[in-house]
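All remarks here apply to the structure that follows.
We did not get these values from a lab; they are worked out from the coordinates using the rules stated. No experiment lies behind these values; they were computed from the predicted model shown. Neighbour counts are summed over all protein chains in view; Cβ atoms, including those assigned to glycine, are modelled from backbone coordinates with ideal geometry.
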Amino acid sequence: MFSDDVWQRTAELMRAIHEHPFIQALGDGSLDPGRFGFYIVQDARYLEAFSRALATASARASDPADAAFWAQSAHTALAAERMLHAGYVEELGAGDLATSPTCLAYASYLQATALTAPYPVIAAAVLPCFWIYQDVGTALLKRAGGTEGHPYGRWISTYSDPGFAASVERAKGIADRLAGAAGPDTRAAMARAYCRAAAYEWMFWDSAWRRESWPTEGWLAP
């Protein structure tokens, strides 16, 4: 199946995600609040673009059940998850940060794909944001043994939640069905889109660890 194939293709990347110092520190609770605040601000802005991409997927889906799923997921990205982010932003006082190059690049990639690529490719491009977060959240919960008293317990609970896991399975199922009905060129484009978005997921966490800034900032007038 498509999902099995792309998971295998990105196995080394997934190891790099799980071993990244940002994820390691997030899991054991030692992550510096400044780094987490940077990440949360960027992720809240990314979710706005992700929601638009999901809404576009809904509009372009020919299957009514697919359209309903993407529309509900778009709402969730702006509602339930964004509530989590807003709470952290308020606590950490990090809302005045500039949008990072990686955040802008990933958001722009998804929106461009949603507007210009065939529907099956859109489904593949949005899948990593579902699947990788669920995989990371589940692993961190298992490692922590629980979230009570954990400084980032709300984040871990959100992405290890069984309801979120069910959404991941639905997104995987859509991508598998579309890939199964597609020709070889479309399946190859789907795999490229999945792998590109998965790479952006690693880059996103890495940019937060580095608190990435624009290298041209010093050349611009205030």
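Arranged from fewest to most other beta-carbon atoms within 10 Å of their beta carbon, LEU54, LEU97 become LEU97, LEU54. Remark: relative contact order (the stretch 2-212) = 33 percent; criterion is Cα-Cα distance under 8 angstrom and separation of 6 or more residues.
Kirkwood radius for the stretch 2-78, taken over all pairs of different Cα atoms as the inverse mean of 1/r, rounds to 14.9 Å.
Computed from phi, the 3J(HN,Hα) profile of the stretch 118-123 under the Karplus parametrisation 6.51, -1.76, 1.60 (θ = phi - 60°) reads x, 3, x, 5, 4, 4 Hz, with x in place of Gly and Pro. Working note: Karplus 6.51/-1.76/1.60 with θ = phi - 60° gives the stretch 21-26 the couplings x, 4, 5, 4, 6, 4 Hz, where Gly and Pro are set to x. Here HIS20, HIS75 are placed in order of increasing Cβ neighbour count within 10 Å, fewest first, which gives HIS75, HIS20. Each residue, ASP161 and THR116, gets one label point 7 Å from its Cα in the Cβ direction; the gap between the two is 3.5 nm. Taking the helices alone, the chain has a mean residue ellipticity at 222 nm of -26500 deg cm²/dmol, built from -39,500 (n - 2.57) per DSSP H run of at least 4 residues and averaged over all its residues. Checking every one of the GluC sites (Glu not before Pro) in the stretch 132-222 against DSSP loop status and a limit of 10 other Cβ atoms within 10 Å picks out GLU148.
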